[in-house]
Number of protein chains: 2
Amino acid sequence: MQEQDLEFYAEGIFSGNRRVIAKAITLVESTLPSDRRLASRIIERVIPYSGKSVRFGITGVPGVGKSTFIENLGLYLAGKDHRVAVLAVDPTSRRSGGSILGDKTRMEQLAAHENTFIRPSPAGDTLGGVAAKTREIMLICEAAGYDVVMVETVGVGQSETRVSTMVDFFLALLIAGAGDELQGIKRGILEVADAVAINKADGDNLERAERARKEYETALHLVMPSSRSWTPPVLTCSSVTEGGTANVWHTVEEHRRIMEDTEEFGQRRRQQALDWMWTMVEDGLKQRLYENETVKRKIPKISEKVEKELISPSAAAEEILSYI
Amino acid sequence: MQEQDLEFYAEGIFSGNRRVIAKAITLVESTLPSDRRLASRIIERVIPYSGKSVRFGITGVPGVGKSTFIENLGLYLAGKDHRVAVLAVDPTSRRSGGSILGDKTRMEQLAAHENTFIRPSPAGDTLGGVAAKTREIMLICEAAGYDVVMVETVGVGQSETRVSTMVDFFLALLIAGAGDELQGIKRGILEVADAVAINKADGDNLERAERARKEYETALHLVMPSSRSWTPPVLTCSSVTEGGTANVWHTVEEHRRIMEDTEEFGQRRRQQALDWMWTMVEDGLKQRLYENETVKRKIPKISEKVEKELISPSAAAEEILSYI
């Protein structure tokens, strides 16, 4: 039965059957052990056919116009016969009730296009779990022939770091501040971005956006670039002017070309796969720790003793480790 | 016998006996299980008397004049009847042969002063191990009455992040670039610094230093500050002009005053202790993993399969976790 199931899913995915793709993704998102087992086998079955897309990560806080940016860029690419999948990593979506990509009214045009596939953030208690599922969903989309996979995140709880480790190109979408030109950037964004784009650079806002662009350029120059052959540029873009999102895509393409020429592309993909493996191992270890009943029972007392400086953090750690 | 040993060390530490302090630190640095056990008991014994110093972390790559800065500041403080301990976290010192604070000719004047205690970076294979030992040595120094503990690091392998989690104030020491004003900053430094100081701001270099100061100020404004009531300033300093290092100390004192007023000081210390405990627990878990014989034997093959995309990182992680 499972063998038949496996081939049903594999064939559906390879032929680009959206209904089957959606069902396979539901298995990946499921918490039922039997579903998880089948999902793992599906992933192993399709993984040789994955990897052929441009993996494009986008982060930006609410209000920067991320949905409109993605919809415009997605429509532009779909119009050029690209097949575009849009996924999301949002560890807070189920808890807070709100969800990126969860709102059905968002990206209506893009969702209706025959060349696109949109999937909201999977549910999950931990960022690690949510990100792991999104990564597996990306592999399924690639095996189904989607050649551009956009992964968006609101950058909550270091989700931008997780997303940056699963994509080829990571874009930080910002806007020029209303009263103040400067906008707080969360921990790590500048260091993992392959480009920064100041959105809403149009009309009255054009001058402010250009000023913000220059400031971020200075800031980015102060950060050690992660690639030998790519200095993250700071762009401006707009969803209301002609070609306003296409210029961002040209940067993604140029980056891809340079990374392939210098062989950094394959290196980055291989390193990401290994890093991902170790992240999953460490997440698994932590999960075992935090789910350990003795540890759970002892933690409040141990934490209190550490806070009151009755025992050293080292001694407390040794005690916790002794329970597992 | 051990009880006598324990009291011998405790009394020696409380009375500020340098020879006994040095011996206690040697126990902390030892890898012998019996030494480690005694060291743990000493730490537990002295921890109620620790915590009363200004914990001052300093990072800077070789060439920024860190030793001279620390020597000058240390002499300034010792001259004002402070008792100053200088420790180091340098995970590479034993491997590379070079070592910060290892060179006997460094900080000669400071080392000779009766109010100071200088200790090079402890040996260790892992950053976690080195940092953990330095933290324990800090507690011993505090119990011995040192009221300023400087912890220096060259910022190798995220050691600056580790040091920032054990100090009250973390300073990034930089210089204006020779040809280029801009200097690459390693991952995370801007985010964990409570202040940035451009060193060698004197003579011909004054103008360049001032320009660099302004640039870092812009960059720092783009990073979300870690405190509600403190925006990390960018200072200039010099080891050759009068009062050139004292102004940095005034900033440290001002920071302390504000943090105590807002009660962030105690919160930060308590949070650091808890974070430290969890870091030690996670380090301990990883150590168990990496020292597991089956895991060690299987890793090369599993890694190869992941790199060649024969299995997914998730499946590889599950396999690794199944061995422990």
Legend entry - Reachable lysines, given that their alpha-carbon falls under 24 Å from the alpha-carbon of A:Lys298 and they are not under 8 places away in the same chain: A:Lys286, A:Lys308, B:Lys286
Legend entry - Label-point separation in nm, B:Glu44 to B:Asn292, each point 7 Å along Cα→Cβ: 2.9 nm
Legend entry - Förster radius 41 Å - calculated FRET efficiency between B:Glu3 and A:Arg228, Cβ distance, rounded to 0.05: 0.10
Legend entry - Test item: Cα-centred dipole of the protein assembly as shown, Lys/Arg +1 and Asp/Glu -1 on Cβ, debye: 1360 debye
Inset, instruction - Calculate, in whole percent, how much of the Cα-Cα pair population of region A:1-49 lies beyond 19 Å. - result: 13 percent
Inset, instruction - For chain B, calculate the relative contact order in percent as a whole number, restricting contacts to Cα pairs under 8 Å that are 6 or more residues apart. - result: 16 percent
Inset, instruction - Answer with one residue from A:Pro122, A:Asn247, A:Thr59: the one whose Cα lies farthest towards the positive end of the charge dipole of the protein assembly as shown, charges on Cβ with Lys, Arg +1 and Asp, Glu -1. - result: A:Pro122
Inset, instruction - Please name whichever of B:Val281, A:Ile324, A:Ala144 sits farthest to the positive end of the charge dipole of the protein assembly as shown, dipole taken about the Cα centre and charges placed at Cβ: Lys and Arg +1, Asp and Glu -1. - result: A:Ile324
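Rg over Rh of region B:276-321, using C-alpha atoms and the Kirkwood radius, what does it come to?
1.09
Given the Cα atoms of region B:189-324, and with Rh set as the inverse mean 1/r over their pairs in the Kirkwood sense, what is Rg to Rh to two decimals? Before the final figure, lay out each step's value.
Working: Rg = 23.5 Å, Rh = 19.4 Å.
Reported Rg/Rh (Cα atoms, Kirkwood Rh): 1.21.
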Inset, instruction - Would you mind checking the radius of gyration and Dmax of the protein assembly as shown based on alpha-carbon positions, in Å? - result: 27.0, 83
Inset, instruction - Mind putting a number on the dipole of chain B about its Cα centre? Charges go on the C-beta only, +1 for Lys and Arg and -1 for Asp and Glu, and I need it in Debye to the nearest 20. - result: 780 debye
Inset, instruction - Give the calculated FRET efficiency between A:Gln271 and A:Asp202 to the nearest 0.05, with a Förster radius of 30 Å applied to their Cβ-Cβ distance. - result: 0.20
Legend entry - aspartates and glutamates whose Cα lies under 19 Å from that of B:Lys23, excluding same-chain neighbours fewer than 8 positions away: B:Glu3, B:Asp5, B:Glu7, B:Glu11, B:Asp35, B:Glu44, B:Glu114, B:Glu136, B:Glu142
Inset, instruction - Collect residues whose amide H, placed 1.01 Å from N in the peptide plane, falls under 5 Å from the amide H of A:Val54; neighbours closer than 5 in sequence don't count. - result: A:Val148, A:Val149
Inset, instruction - Kindly report the accessible area of chain A per residue (heavy atoms of protein chains, probe 1.4 Å, no ligands, DNA or RNA), in Å². - result: 44 Å²
Inset, instruction - Please compute the net charge surrounding B:Leu87, taking Lys and Arg as +1 and Asp and Glu as -1 over other residues with Cβ under 15 Å from its Cβ. - result: 0
Legend entry - Amide proton proximity set for B:Leu235, modelled H, under 5 Å, gap of 5+: B:Val196, B:Ala197, B:Ile198
Inset, instruction - Using the Karplus curve 6.51 cos²θ - 1.76 cosθ + 1.60 with θ = phi - 60°, work out ³J(HN,Hα) for each residue of region B:277-285 in order, rounded to whole Hz, and write x for Gly and Pro. - result: 4, 5, 4, 5, 5, 5, 4, x, 5
Inset, instruction - Per DSSP H run of n ≥ 4, the term is -39500 (n - 2.57); total these for chain B, divide by its residue number, and report the mean residue ellipticity at 222 nm rounded to 500 deg cm²/dmol. - result: -17000 deg cm²/dmol
Inset, instruction - Report, by chain and number, residues whose modeled amide H sits under 5 Å from the one on B:Thr116, excluding near sequence neighbours (fewer than 5 apart, same chain). - result: B:Val84
Legend entry - Solvent-accessible area, 1.4 Å probe, carbon plus sulfur percent, for chain A: 51 percent
Inset, instruction - Bin width 10 Å, alpha-carbon pairs only: give the P(r) of chain A as whole percents, running from 0 to the bin holding the largest distance. - result: 5, 24, 31, 22, 13, 5, 0
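The values are calculated or read from the model by the stated rules, or taken from the named source; none is laboratory data. Just so you know, these numbers come straight off a predicted model, no measurement behind them. As a convention, Cβ positions derive from the backbone with ideal geometry for all residues, glycine included, and neighbour counts pool all protein chains shown. Note: areas computed on protein heavy atoms with side chains; ligands, DNA, RNA excluded. Shrake-Rupley method; radii C 1.70, N 1.55, O 1.52, S 1.80 Å.
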